[in-house]
1. Express in % the proportion of alpha carbon pairs of region 414-570 at distances exceeding 27 Å.
2. How high is the relative contact order of region 377-474? Use alpha-carbon pairs under 8 Å, at least six apart in sequence, and give a whole percent.
3. For V565 and R543 in one chain, what is 0.36 nm times their gap in residues minus the Cα-Cα distance, to one decimal in nm?
4. What Rg and what Dmax come out for region 113-244 when only alpha-carbon atoms are used, in angstroms?
5. May I ask you to compute the full-extension gain from R188 to K525, defined as 0.36 nm times their residue separation minus their alpha-carbon distance, rounded to one decimal in nm?
6. Based on the Kirkwood radius over alpha-carbon pairs, what value in µm²/s does the Stokes-Einstein equation return for the translational diffusion coefficient of the chain at 37 °C and 0.692 mPa s?
7. Neighbouring Cβ atoms within 10 Å as the yardstick, rank V538, V445, V103 fewest first.
8. List every residue whose amide H lies under 5 Å from the amide H of G384, counting only residues 5 or more places away in sequence or on a different chain, with H placed 1.01 Å from N in the peptide plane.
Amino acid sequence: MESKLRSRNWFGKTGKDGFIYRAWMKNQGIPSYEFEGKPVIGICNTWSELTPCNAHFRELAESVKRGILEAGGFPVEFPVMSLGETLIKPTAMLYRNLVSMDVEESIRANPMDGVVLMCGCDKTTPALIMGACSVNIPSIVVSGGPMLTGKYKGNDIGTSDIWRFSEEFRMGKMTQDEMTVAEACMARSRGHCAVMGTASSMASMVEALGLSLPENAAIPAADSRRKVLAQLSGQRIVGMVKENLRLSDILTRKAFENAIMVNAAIGGSTNFVIHLLAIAARIGVPLKLEDFDVLSASIPLLANIQPSGKYFMEDMYYAGGLPAVMKELDGYLHGDAITSNGRTTKENYADAACYNRDVIADIKSPFNKTSGIVVLKGNLAEGGAVIKPSAASSHLMKHSGKAIVFDNIEDYKKRIDDPGLEVDETSVLVLKNVGPKGYPGMPEVGNMGLPKKILAKGITDMVRISDGRMSGTGFGTVVLHVSPEAAVGGNFSLVETGDIIHLDVYSRALRFDISDEELERRRKKQKSFSPAADRGYVNLYIRHVEQASMGADFDFLKGMSGSEVTRDSH
Ligand code: FES
């Protein structure tokens with residue numbers, strides 16, 4: 001095996017080069033035998049106190065290291081830029097591609113034979129996998145795990161309740177003091193959001209793709225078994241290096257199809273669509289927006305987890321975790337897809353048991369026959385848009401109404417509570433210029449709050465349409481990711497207040513009433529888009545980011561460059 005190790009191109013050298021490569025490692029107190037043909041395993045760590053969901057990762061990395069050492073590997077931990085969903089402005093999504101570049105170049109440039117990707121908060125998972133795919137050495141993911149369920153005034157709470165608290169606060173039904181207490185009650189342990197938001201959907205995606213050991217998705221961060229999983233993952237990556245089991249061996253079309261079906265069954269985030277498209281494009285597996293609709297159409301909702309259901313990730317773990325969900329999907333999944341532990345998908349879930357049918361349903365009696373992501377098309381979204389039916393209101397799935405158009409998020413904030421706004425519950429709220437290029441960075445503002453005067457009537461949902469994203473913890477009849485986004489032209493940029501919009505989730509249609517002549521007249525009047533940054537990373541982002549329907553990656557990052565580096569540094 002030694003001659004095959006990539007790290008030997010550094011540590012196995014004689015003369016000046018080998019001297020330099022080894023000598024500066026030895027200043028860390030590392031003995032010579034560590035360099036003698038052991039697989040060098042990178043631990044790619046997104047630890048940061050500014051990413052609270054990942055703040056326990058230094059401790060978790062110690063468990064990974066124990067596993068690597070046990071299996072005869074040599075662990076080397078390294079940091080990459082971390083993305084905390086809650087603190088980063090204007091949106092963490094602006095930096096997903098930047099982190100993926102950091103990860104890709106850090107892995108390729110350094111003497112690693114395999115890598116453990118430590119992921120938690122939303123964007124850290126796709127960013128690390130995208131970067132690793134473009135190098136394609138043996139890699140395994142260790143997720144940080146969800147928080148324990150929040151407890152407030154005798155009720156279970158999680159991130160999805162923030163949207164409810166926010167509406168109650170706006171209506172004067174909740175005080176600031178109560179909000180402050182609820183904050184502490186919700187975030188009462190280490191870990192990422194405790195609902196089936198984007199972080200939990202990403203951790204589930206990882207497990208469904210076969211990129212982690214079984215049970216990665218749901219073990220709470222505070223549960224000692226999370227550390228055990230980290231240690232076993234450290235052990236396993238050494239085996240993966242010995243077997244040369246690379247990402248491209250695991251990430252086949254079958255694996256992607258499995259992930260889409262699992263995401264449907266768990267009521268996963270709409271952000272899953274963008275991230276999976278981007279990962280597929282890096283590893284070179286053909287995947288289209290329409291695949292999400294086709295593959296999830298016959299999958300019912302099995303996980304009764306917020307925001308589509310009632311419970312939390314902690315409950316899902318105690319009920320049997322993702323393997324129990326996957327076992328229910330036995331008739332749908334590709335059981336022969338290979339996973340990181342060397343076993344097939346089916347072998348991993350074959351012995352799974354469900355301990356609570358109120359949390360994970362039997363496929364014969366699902367919580368909701370509707371699940372997954374529906375892809376909408378029509379003259380309002382020529383490149384497609386998405387909606388998550390399980391988080392929407394059934395009475396709005398087929399709806400026509402007058403558009404109330406906001407040109408950007410500032411316009412929305414200024415006017416939404418204006419008593420003079422001509423809006424009723426049948427109106428359709430439209431928010432433009434929150435797409436990848438337009439914002440830039442595609443923020444999670446798509447589930448925009450309803451006007452106060454509508455809330456005052458006791459109405460809690462309206463049809464909302466934007467070219468932005470929605471937090472995976474959000475809910476409502478919210479159409480997202482409209483492509484092409486307003487900033488690059490296309491019909492969405494031309495819709496005006498008063499136009500009649502038709503949404504029909506059953507027939508996958510999103511259109512507005514407009515004649516060709518009127519469309520043309522508006523197009524001629526339209527001003528061309530100019531980037532909002534004239535230098536730096538944001539300028540690069542605006543020039544190269546692709547539309548949401550393609551994964552919002554940079555056009556020059558698709559595919560992989562492999563792991564070979566032919567020139568030495570000295
Ligand atoms: Fe980090 Fe929700 S804020 S996962």
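Just so it is clear, none of the values below were taken in a lab; they were calculated from the coordinates. Not measured: the values here are computed from a predicted model. Please note: Cβ atoms are built from the backbone with ideal geometry, for glycine as well, and neighbour counts cover all protein chains shown.
1. On the way: 4388 of 12246 pairs.
Tail of the P(r) past 27 Å holds 36 percent of the pairs.
2. Details: 129 pairs, mean separation 26.1, N = 98.
Across region 377-474, relative contact order equals 27 percent.
3. Details: separation 22, 0.36 × 22 = 7.92 nm, distance 2.82 nm.
Full-extension gain reported as 5.1 nm.
4. That works out to 17.8, 61 Å for Rg and Dmax.
5. Numbers: separation 337, 0.36 × 337 = 121.32 nm, distance 5.29 nm.
Length gained, R188 through K525: 116.0 nm.
6. Numbers: Rh = 24.3 Å.
Stokes-Einstein gives a translational diffusion coefficient of 135 µm²/s.
7. Numbers: V538 18, V445 22, V103 28.
In order of increasing Cβ crowding within 10 Å: V538, V445, V103.
8. Here G378, S483 satisfy the definition.
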